[in-house]
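None of the figures in this text is laboratory data; all of them are computed from the coordinates on show. Here the structure is a predicted model, which is why all the values come from computation and not from measurement. Quick reminder, even Gly has a Cβ in these numbers, built from the backbone with ideal geometry, and neighbours come from all protein chains shown.
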Amino acid sequence: MKGNEAIAEAAIQAGCRFFFGYPITPQNQIPEYMSKRMPQVGGCFLQSESEVAAINMVYGAGGAGARVMTSSSSPGISLKQEGISYIVGAEVPCVIVNMVRGGPGLGSIQPAQSDYYQATRGGGHGDYRMPVLAPGSVQEAVTLTQDAFDLADRYRTPVMVLGDGLIGQMMEPVDMDQAADRKPAEDLPAKTWAATGHKPTDEAPRAIINSLYIDPVVLEQHCMKLQAKYDAIEAAECRWQEEMLEDAEIVIVAYGTTARIARSAMRKCREKGIKVGMIRPITLWPFPEAAIRATLKTAKKFLCVEMSTGQMIDDVKLAVEGQRPVEFYGRTGGMVPTVGEIVEKLESMNGAKTGVEQLLNQTGAALDQAANAAQKTFASIGQKIEQKVNDPAFVQKTEELKQKTGEFAGKALDGLAKGATLLGEGLNKAFGALSGLVSGEKKNDNNDKEGNE
């Protein structure tokens, strides 16, 4: 099946009975497929007059307790952002599919991953997050779409399925048997809050689906309640895939279709003896920070590969916490990175040393060179000193000086002959004195010629 059609059928099999959307490439096959299938299962398909209208229709159906979905691509998702923020504030479950295309603006109709910031940072106004699922194949797109409905109902939140245009357009074998008649998860709470089927209580005599809170104290309490929800999602719903990480010195972080390309590059590098592994985030939010930090025991470097100019790299850097260098390789505007390009980047990373490693290597080499030179110098001086102190003329001269200068001078000269006081006044002075001593040169000093000699 084509990815877009597989996603649409998966949603129907998961109980989706309402779809509201507006056509935009490269996700057009989703509403087209829904327009045919929804009447067959007793559902409702409606092509709205705009993306703004579509997301507010989703708000209404979700508020009534129905399983509802919309889909679009990058510029269309931008138009839906206000409504998405409303839906988050009102705690209404729904599923939103974004088949990302190149941007900004109208951009192109080619695949991209440049909506990462928009998806994982909320996108709309206010403090909010929502789960973001990133499939890497058509089969996984089926599974994650169905999981999205359960996540949405469990946490009363919109959930986004984020696929690049390739996921929507490619055709792959899909096992739909496991997706058929997907029942809601057994642990999901009843939708007693919904605007239909609501059971009145003293605290909630009516079902009010609203995101407006005039009292700032009440709004703060609501926002803190939402934050507690986000914390619970981070703790329980983070997903990722690990590959060849046991001894990986370079760890690739990539998602979606890009991860498939990076996987091939990883295997080619392994054949060349380069220890490369990969982490593929499946949930872009919550992001698998702990899984990335766990690789620090072997990882020396990280490479973030994206179809963008670099967005997920920020989350990778936050996860690494500055303990390792994080590099980036990406193509954008609808261009797709190739296996060869990623391999070339990995090879350059494997051969390159970090700044600290280069500094340590340079310092070590300089120290070794200095130590070798000093060793040769001291060995040469030692040999010359030994020859000089064993010279009968030098011995006789020393004895004469002992008699003239007394016991103190005798001891000093005796120590000098043994080389014990050579470093007393610094290496430069000692080297100069020894050089003169060995060569037999005499310094001209009118006051004390014999002493200097």
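Of Val316, Val251, the sequence from fewest to most neighbouring Cβ atoms within 10 angstrom is Val316, Val251. Listed from fewest to most Cβ neighbours within 10 Å, the set Cys269, Cys304 follows the order Cys269, Cys304.
Only bridges whose two residues both fall in region 25-167 count here: according to DSSP, what percent of them are antiparallel, nearest 5?
Taking every DSSP beta bridge within region 25-167, about 5 percent pair in antiparallel fashion.
Past the 30 Å Cα-Cα mark, which pairs from Lys2/Lys229; Lys229/Lys317; Lys183/Lys268; Lys2/Lys300? Violating the 30 Å Cα-Cα cut-off are Lys2/Lys229; Lys183/Lys268; Lys2/Lys300. Close amide H partners of Phe18, meaning residues 5 or more places away or on another chain with modelled amide H under 5 Å apart, are Cys44, Met69.
Taking the DSSP bridge list for region 90-164 and keeping only pairs wholly inside it, about 10 percent are antiparallel. Multiplying the residue separation of Ser348 and Arg293 by 0.36 nm and subtracting their alpha-carbon distance yields 17.5 nm. Put in line by how crowded their Cβ is, counting other Cβ atoms within 10 Å and starting with the fewest, Asp115, Asp181, Asp231, Asp202 read Asp202, Asp181, Asp231, Asp115. What the Cβ-Cβ distance of Gln227 and Ala190 gives, at R0 = 30 Å and to the nearest 0.05, is a FRET efficiency of 0.75. Taking amide H as placed 1.01 Å from N in the peptide plane, Ile252 has its amide H under 5 Å from the amide H of Gly277, Met278, Ile279, Leu303, each at least 5 places away in sequence or on another chain.
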